[in-house]
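Below is one structure, written out as structure tokens; comments come after it.
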Amino acid sequence: MIRDTAQMDETIEPKRRHRWWWLATLAVLLAIWWTWPAIQRWTAAEDSVQRSRLRFAVVTRGELVHDVAVQGRVVAASRSTLFSPSDGVVTLESREGERVNGGDVLATVDSPELRSQLQQERATLEALRSDYSRLELVARRQALQNRQRVDLLEVQTAAAERSLERSETLTREGLLNEIDLEKARDGLVMRRLELDQARNNLDLEREMVSFELRDARSRLERQGLLVRDVERRVAELEIRAPFDGLLAALEVEDRDAVLEGQAILGVVDLGELEVEVSIPESYADDLGPGVQAAIQIGDIPHHGTLVRIAPEVRGGQVEGRVAFGAGTPPGLRQNQRLATRLILDYRGDTLKVQRGPFFESLSGRQVYAVGADGVVRLLDVTLGAVSVNEVEILDGLTEGDEIVLSDLSRYQGAAALLLRD
């Protein structure tokens, strides 16, 4: 009996299993090689964040303007408040909102007390003028009398000299005794003494009269100054516009009783406008008169200059005034709001990046930079000047680097984050 050849058959099943094992191993290796970058990203990252929820910016090189954005309000450069010069009743000659010219009478204050004082001072001035004129006449009369006395004594002295000469001649001829000669000599001495006293008295009287006239003239001039001062105060009862402008505000009503120094009305010059800005206290030390400014009116930028800054801080703000560099632009209205930037510094060819929430959240010392592997990593950086829209990069980044602008503080300072699509 011939058996079958089953025992001589060779199975190839083990070889088929060996080939499939190699194929499976190769597939696993290919899968690992393909997914290895993703595995590396997952192992390197502490957390993940969705890309669409973040904002990014690229580090560039160019010009950087270090400025401060402030809110400006258009105000009149010249604004004058007029006050009552005296107690009285005010009469308004203009209405609020009217245009006025310099010198126009805007209001009149009726002050009977001041007008009465003017009349009294004028009467006193006229009395002093009369006294001065009378004193001049008296001085002239006294001077004439003194001059007459001196002239008379000069004549008497000359007569006494001639009498003495005759007496001496008669005495030498024996016609006159010595006693009469001595009497003639004594008479001449007396006349000469009286003449000297009269001359001295004439000079003294002249000096006294000159002093009295100077004193009277001084009183007259002082009273004249007082009258002119009261006249000036009376003229100021007519309150006039100090310049061309607009009557901005009335502080009183017509025929109101007012006190001296009380505000009556205000006048503003709309031909010269400035921008009043409120500057944050933290920037006050870096600013001063002369700082350049950029004023945006609609779509047109205008150049300006910070002309003055307040010395005190109010509510965390410092008030300043910005003047237009090329004259007041047309169409502005008082109290109009304008966006204004104060330019602290200008730097060209500098490394910079767009400003974002990262600047405040990371205290300006770190940023999240996007790597080529799709992982954002926390880097230490050194920042410089900060403007409204951009930040200067001093160290830590290079041109072309991409950073995350969004606030990632909720990840508590994670060193690396994976970006998910």
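Of all residues in segment 315-330, those satisfying the criterion of being open to solvent by 60 Å² or more (accessible area, probe 1.4 Å) and either out of contact with any strand residue (DSSP E or B) (no Cβ under 7 Å at 6 or more places or on another chain) or part of a strand (DSSP E or B) (or both) are G315, Q317, E319, P330.
In this structure, does V155 turn out to be closer than 30 Å to N201 by Cβ, of a type in the set (V, I, T) and either in contact with a Pro (Cβ under 7 Å, 6 or more places away or on another chain) or open to solvent by 90 Å² or more (accessible area, probe 1.4 Å) (or both)? First the steps, then the outcome.
Working: closer than 30 Å to N201 by Cβ: yes; of a type in the set (V, I, T): yes; either in contact with a Pro (Cβ under 7 Å, 6 or more places away or on another chain) or open to solvent by 90 Å² or more (accessible area, probe 1.4 Å) (or both): yes.
Considered against the rule, which asks whether it is closer than 30 Å to N201 by Cβ, of a type in the set (V, I, T) and either in contact with a Pro (Cβ under 7 Å, 6 or more places away or on another chain) or open to solvent by 90 Å² or more (accessible area, probe 1.4 Å) (or both), V155 comes out as yes.
Can you find even one residue in segment 363-374 that is open to solvent by 50 Å² or more (accessible area, probe 1.4 Å), out of contact with any Cys (no Cβ under 6 Å at 6 or more places or on another chain), in a strand (DSSP E or B) and not aliphatic (A, V, I, L, M)? Yes, that holds for at least one residue.
For (1) assigned to a strand (DSSP E or B); (2) open to solvent by 20 Å² or more (accessible area, probe 1.4 Å); (3) more than 19 Å from D67 (Cβ to Cβ), each residue gets a yes or a no:
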{"residue": "V277", "(1), (2), (3)": "yes, no, no"}
{"residue": "Y283", "(1), (2), (3)": "no, yes, no"}
{"residue": "P311", "(1), (2), (3)": "no, yes, yes"}
{"residue": "L332", "(1), (2), (3)": "no, yes, yes"}
{"residue": "D345", "(1), (2), (3)": "yes, yes, no"}
{"residue": "T350", "(1), (2), (3)": "yes, no, no"}
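Looking only at segment 263-275, which residues are more than 13 Å from the chain's Cα centre (by Cα) and surrounded by 16 or more Cβ atoms within 10 Å (Cβ to Cβ)? Don't jump to the end; show me each part of the working.
Let us first name the residues in segment 263-275 that are more than 13 Å from the chain's Cα centre (by Cα), namely 263-273.
Answer for segment 263-275, where residues must be more than 13 Å from the chain's Cα centre (by Cα) and surrounded by 16 or more Cβ atoms within 10 Å (Cβ to Cβ): I264, L265, G266, V267, V268, D269, L270, L273.
What's the number of the condition E260 fails, among (1) surrounded by 15 or more Cβ atoms within 10 Å (Cβ to Cβ); (2) within 24 Å of G103 (Cβ to Cβ); (3) acidic (D, E)? Every listed condition holds for E260 apart from (1).
With respect to being β-branched (V, I, T), out of contact with any Pro (no Cβ under 8 Å at 6 or more places or on another chain) and within 30 Å of Q223 (Cβ to Cβ), V209 fits the description. Consider segment 259-275 and keep the residues that are charged (D, E, K, R) and in a strand (DSSP E or B). The one that is nearest to D104 (Cα to Cα) is D269.
For a quick check of your reading: which strands (runs of 3 or more DSSP E) sit entirely within segment 53-92 and have at least 3 residues that are open to solvent by less than 60 Å² (accessible area, probe 1.4 Å) and either closer than 30 Å to V307 by Cβ or at pLDDT 85 or above (or both)?
Once the strands (runs of 3 or more DSSP E) in segment 53-92 are filtered for at least 3 residues that are open to solvent by less than 60 Å² (accessible area, probe 1.4 Å) and either closer than 30 Å to V307 by Cβ or at pLDDT 85 or above (or both), what remains is 60-83, 88-92.
Among the numbered conditions (1) assigned to a loop (DSSP other than H, G, I, E, B); (2) within 31 Å of the chain's Cα centre (by Cα); (3) farther than 30 Å from Q71 by Cα, the only one that R233 does not meet is (1). The single condition among (1) in a helix (DSSP H, G or I); (2) open to solvent by less than 80 Å² (accessible area, probe 1.4 Å); (3) not β-branched (V, I, T) that M190 does not satisfy is (2).
Within segment 397-410, residues that are among the charged types (D, E, K, R) reach partners that are open to solvent by 50 Å² or more (accessible area, probe 1.4 Å) with beta carbons closer than 7 Å, at six or more positions or on different chains, in the pairs E399/T60; E399/R61; E402/F56; E402/V58; D407/P357.
The values are calculated or read from the model by the stated rules, or taken from the named source; none is laboratory data. Every value quoted in this text rests on a predicted model; they were computed, and no experiment measured them. No Cβ is skipped: glycine too gets one built from the backbone with ideal geometry, and neighbour counts run over all protein chains shown. The area values use the complete protein model at the heavy-atom level, side chains included, leaving out ligands, DNA and RNA. Shrake-Rupley method; radii C 1.70, N 1.55, O 1.52, S 1.80 Å.
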